[in-house]
Structure formats: structure tokens, C-alpha cells
Amino acid sequence: MTTTDLAPTREQHPPSPDADDTGEQSVAGLLRPYRWSFTAVVILQVIGAVAGLAPLLAVVELGRALLASGPIDHDRVWFVVIAGAAGLLVRLLFTAASSGIGHLLDGQVQLALRRHLAERLGRVPIGWFSRRRTGELTKVVGQDVSAVHPFIAHSPGELVAAFVVPLLSLVYLFTVDWRLTLITLIPVVLALAHVPLMMTPARLREERRFDAAMGRIADSVVEFVQGISVVKAFGGSGRAHRRFRTATDDFVDVYHRFVRGLSVIAAGMQLVLSPPFVLLVVLIGGTVLITTGGLPPADLLPFLLLGLGLTAPVAALIAHSFDDLQAARRAVGRIRDVLEVAPLPEPARPIAPQGHRVELRSVRFGYEDDREVLRGIDLVLEPGTVTAIVGPSGGGKSTLVRLLPRFFDPAHGSITLGGVDLRRLSSHDLYRTVSFVFQDVRLLRASVADNIMLAVPHADLDEVVRAARTANIHDRILELPHGYDTVIGQEAGLSGGEAQRIALARALLADTPVLVLDEATAFADPQTEQAVRQALRALEGDRTILVIAHRLETVADADTVVMLDNGSIVEQGRPADLLAANGRFAAFWRSREYR
């Protein structure tokens, strides 16, 4: 079987040992280890809720004892008072314990969710990030995980109170008078009749639009802050602010529609569950029963007290917890979507590459099924050579170089490294063999040394300095407040060219036999570019280098030039030979020669 035969189509991927771990990475799977803590929270809350009825029942029984004809039973009165006080103490202790455990549990769950999100994001194909907005992912890891707080820390207790307290109250009230009990339930029934109105398809669509609008605001803020220096330098602050204002205006419109549809429903629910309405219903029903002789006047007292206790938990649940639960449900859905992203497929039995010759065979790739970006690419990168990819914008250059570090897998064809299909290599072997530097460099909020040592965390300072010298960034680092210990983004900022040279030093320190460069000196000044190109020439040796080239000096240094246009290789060969052929590459050269 050839390596071409191993190439999967878009629907068929090689089996992965991680294929079954998606379920374990689900939110339910992550919460499973905490099930006993959840159980403890609920049990403690149940005991506290039941004990919380004791003071109310004590008042009821005390009133009935004092209003009864004949002498007062002092022993019973004191027993009722002591039982009510004990119930209040038990309620305070157990609800406090339940709340404390719930909040500790919430901290543990949020930490676990963020850790698993970070782990999952560290294992998904890198190309997946290029199709996601930074603000959206920031919202998932930050706001959405925080939105789970009510679901973990508060909702178990509130749900218990909303069901256990009314249920026990109903049992007691039915023993007093079943007719007035049914009358007391009228506000609850009216309130629950509003719930389906909050779950209609139209309401759910408004919720999704609300969340999407929030995501657009977060994304526009991140992009504006990250690009503020460029925006101000080129006088584009009006356009940048306009995009943010558009996002906020859109959010305001969506929010108004969201609230407008909800306000009438919420107002109706609050009205029927409000204490005045509940008391009015109980008093009207009780008055009718008392005047007709069907109810002793003393028996009205438990309905006046427990009637409010019957509706108050439901009112609190609907007024606050329902919205929190809905928000938590949507947040959990977005968290689940990230956790269920398939990780980069790993081979069950990885094969180590033999050498670092790179070969692309009939490679086809598209970000969408109906639009190919690369069309039948055949290319060989020999060890010890520099291959430059040139061509017009949108021709597929960046996509091609991103296939080597396996940001994406080709839809058809194969890419081999040392005779082994990339999909048969372990991630460890792949990234130990291939390093890359792209134009869009992101540095960590860490020291300069830590940023350079990212791929080789145990490197010593001499090795770091040597890589920095080769990348022509050593002198600039020494000018920073704390040299190599300076924290980037906190103690000092770097220009685009300086950041690229830090990334280049990182790749050089990794010392991989295959180096992929997406015009890694695009932001450098001419002197720095010349020094870096000379360093790369000195490092070539047996190294395989693939570079996207926009500058003629880079093209002239290459052993092979590949002219890429509209996803296909239109010319390929030595720079001098292609110039002599006076074809597409020669026209490309002349178009840039006088820039």
C-alpha cells in the first residue's frame, strides 16, 4: 500500500485513539467525578429546607393553641416555640453548609472546565483556530465558564427549595382543608402557565441572537485593542470605532427585542406570585369558606403563612434562577461544542520518519467542500535545499505551507515526511521535525527567554542567546528593562519585526530539520533582513526550508522557486532558469523589481 492510499477523503479519517474520548470530555463526563459533592449539596439543602418550615409551622400551631377555647396548654406552647427555634437553627446551619460546599464545588468545576478546555484546544488541529474569532473563544473560556456558577453553586439549593418546601406545605395544608389548599394553588398554577411562553421557538431564536450579539461585541473589542496602535498610526480610528459602535448598536437592538418579548411574561408571573395577590386569593377563598361555615377561623392562619411560603420559592426560582439556568444552559452548550471538537487524529501505531525529505502528491484541499484552494499539488522538498513559494495574493501559498506542520489535512492526496504520511506520524515526531514561523506572530505573556524556549523548555541560557544572536534580536533584548527576563506585554512591548525575530529565534533553537517560513522577515528593516538571510544561509546545511517569498532577495537565494496561482503550480525550477524562460515567474519578477 502506498502512502497515497492512506490519504483520507474529507469524510474518512484515519482511526484515532482519541476517537472515543469525546464523550468523556463532555460536560456531563467532567461533572461525573463531583456527583457525590452534588448529592451532599442537595441533601443538606433538603434538610435545611424541611427544617425551615418548622418556624412557620410553629407560628401556625402557636396561633391555633392560643386561639383554642379552654385553658392554654403551656407545655405544648413551649414545645412549639422550642421546635420552631431549633428548626430555624438547623436551617441556618445546613443551608450554610450546603452553600459553602456548593461554592467550593463551583470553584473546582470551573477550574476543571477551563483545564479541559485548554487541553482540548491544545489538541485540536491548529487550522481550526483560523476559522474562529478570538472574541468567541475568549467568551467560551472566560464568560461562559463563569456563567455556569449559578447552575453549580445556587440552582441545586434553589430547585430543592422550590419543590420540597411547596410539597411539604401542600401535604400539611391538605390535612387542614383540601378546598382552601386548591384555592391557594391558583397563583402557582397561573405562574407555571407562563413558563411555556418563555420556551417558544421565537424566544429561543432571540436567545441565540442575544448570545451571537454578545460574541460580536467581545470580538470587536479584542480586535480593536490588539490593533489600536496601527489604527491610530494610520488615522483609521473612526472606522475601527464604527465597527465597535455597529456591534454595540446591534446588541442594543437585539437586547430590546429580547427584553420586550420577555417583559410582559415576566411581569405577569411576578404579579400572580406577589404576596399581595397570594394573600388576596387566600383571603377571598378563606372568607367564603368561613362565612359558609365550612372552615374554622383559626384554620385560615396556616394558609396565610404557608401560602406565601408556597409561592415564594417558586417566585424566586422563576424571577432569578430561571434566567440564570437558561444562560447557563446556553453557556454549557457552547462549552460542549468546544469540548466535542475532534482532536488532531493520532495514529494508533505511529511510524517514525526516515530522514526529512518532504513530498506532496496530488494534494487537494479546500476550507469548504465546494471550493478548492489547492488543486493537485505535486512537489518535492529535498534536504539541504530552500524552496520559495511565490505568486499572487489568494493563490494558496499560505494554505500550502500550513499543510506541512499539519494545521490541516489534505482532502485528497498525501504529504510524506521521510517517506511516512504525516497522518502516520505522532504529533511529537512531527513537531520535533518541523518548526515554523509565520507573519502573524503571537508571543506569550512571559519572559523573552521563555518565549524563545517554548519548544525546548530545558535549554540553557547560552543556547537561547545563540539563537537570539542568529535571529539578530540579541542586542534589542539587552535593551529591555530586564534583558531576557523581561515579561513581554507587561514590562515591554515589541514591534512586529522584533516579534518575528523572537519567533525565528524560537524556531532556530528548536533546530528541526524542516523549517517553514511565511515571509518571516516581512516586518524587518533591510539591515536586519540581510543579517537574518545570511544566518539562514549559514544554517541551511542538511535542513529542508520552505518559505513564502515576497522579496526578490529571498527568491534569489532559493534553490527552487514554485510559482503558485489559483491553487496550482504553474511554473517550477531554479530562479535563473525561470527568468530565462520569460514566463509567469519572469513577469512576477519584473513587476516587483522596481517597487
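The values are calculated or read from the model by the stated rules, or taken from the named source; none is laboratory data. Just so it is clear, the model here is predicted, and its values are computed rather than measured. Every residue, glycine as well, gets a Cβ built from its backbone with ideal geometry; the counts of neighbours run over all protein chains shown. Ligands, DNA and RNA are stripped out before the accessible areas are found, and what is left, the full protein with its side chains, is counted by its heavy atoms. Shrake-Rupley method; radii C 1.70, N 1.55, O 1.52, S 1.80 Å.
Just to be sure I understand the filter: pairs with C-beta atoms under 8 Å, separated by 6 or more residues or on different chains, first member in the range 97-124 and open to solvent by 70 Å² or more (accessible area, probe 1.4 Å), second member in a helix (DSSP H, G or I) and of a type in the set (A, V, I, L, M). Which pairs pass?
Between residues of the range 97-124 that are open to solvent by 70 Å² or more (accessible area, probe 1.4 Å) and residues that are in a helix (DSSP H, G or I) and of a type in the set (A, V, I, L, M), the close pairs are H103/A153; R114/V141; R114/V145.
Restricting to helices (runs of 4 or more DSSP H) lying wholly in the range 173-265: which have 1 or more residues that are modelled with pLDDT of 75 or more, within 30 Å of P296 (Cβ to Cβ) and in contact with a Leu (Cβ under 7 Å, 6 or more places away or on another chain)?
178-184, 186-192
Quick one: which helices (runs of 4 or more DSSP H) lie wholly within the range 369-486 and hold at least 3 residues that are farther than 24 Å from A342 by Cβ, open to solvent by 20 Å² or more (accessible area, probe 1.4 Å) and modelled with pLDDT of 85 or more?
461-470, 474-478
Does the range 505-513 contain at least one residue that is at pLDDT below 80 and surrounded by fewer than 22 Cβ atoms within 10 Å (Cβ to Cβ)?
no
Among what's in the range 38-61 and is within 18 Å of P296 (Cβ to Cβ) and open to solvent by 50 Å² or more (accessible area, probe 1.4 Å), pick the residue that is nearest to the chain's Cα centre (by Cα).
L57
Only residues that are open to solvent by less than 50 Å² (accessible area, probe 1.4 Å) and assigned to a helix (DSSP H, G or I): list them for the range 328-368, please.
Hits for the range 328-368 are A328, R330, A331, V332, G333, I335, V338, L339.
One residue is enough: does the range 347-355 have a residue meeting the conditions more than 34 Å from the chain's Cα centre (by Cα) and under 11 Å from H412 (Cβ atoms)?
There is no residue in the range 347-355 that is more than 34 Å from the chain's Cα centre (by Cα) and under 11 Å from H412 (Cβ atoms).
Is at least one residue of the range 297-313 outside any helix (DSSP H, G or I), surrounded by fewer than 15 Cβ atoms within 10 Å (Cβ to Cβ) and at negative phi?
Among the residues of the range 297-313, not one is outside any helix (DSSP H, G or I), surrounded by fewer than 15 Cβ atoms within 10 Å (Cβ to Cβ) and at negative phi, which makes the answer no.
Within the set of pairs 6 or more residues apart or between chains, which connect a residue that is closer than 17 Å to L185 by Cβ inside the range 258-286 to a residue that is part of a helix (DSSP H, G or I) and among the small types (G, A, S) with Cβ atoms less than 7 Å apart?
M269/A191; V272/A191; L273/A191; L273/A315; V278/G307; V282/G307
Of all residues in the range 63-100, which are hydrophobic (A, V, I, L, M, F, W, C) and either part of a loop (DSSP other than H, G, I, E, B) or in contact with a strand residue (DSSP E or B) (Cβ under 9 Å, 6 or more places away or on another chain) (or both)?
A68, I72
Would the range 127-141 turn up any residue that is at pLDDT 75 or above, in contact with a helix residue (DSSP H, G or I) (Cβ under 6 Å, 6 or more places away or on another chain) and open to solvent by 20 Å² or more (accessible area, probe 1.4 Å)?
Yes, the conditions are met somewhere in the range 127-141.
Condition check: modelled with pLDDT under 80 and either assigned to a helix (DSSP H, G or I) or more than 22 Å from L379 (Cβ to Cβ) (or both). Does E529 satisfy that?
So E529 fits the description; yes.
So which residues in the range 148-163 are modelled with pLDDT of 75 or more and crowded, with 20+ Cβ neighbours inside 10 Å, if there are any at all?
V148, I152, A153
Just the residues that are touching a residue at least 12 places away in the same chain (Cβ under 8 Å) and in contact with a strand residue (DSSP E or B) (Cβ under 9 Å, 6 or more places away or on another chain), please, taken from the range 436-452.
Result: F436, V437, F438, Q439, L443, L444, R445, A446, S447, V448, N451.
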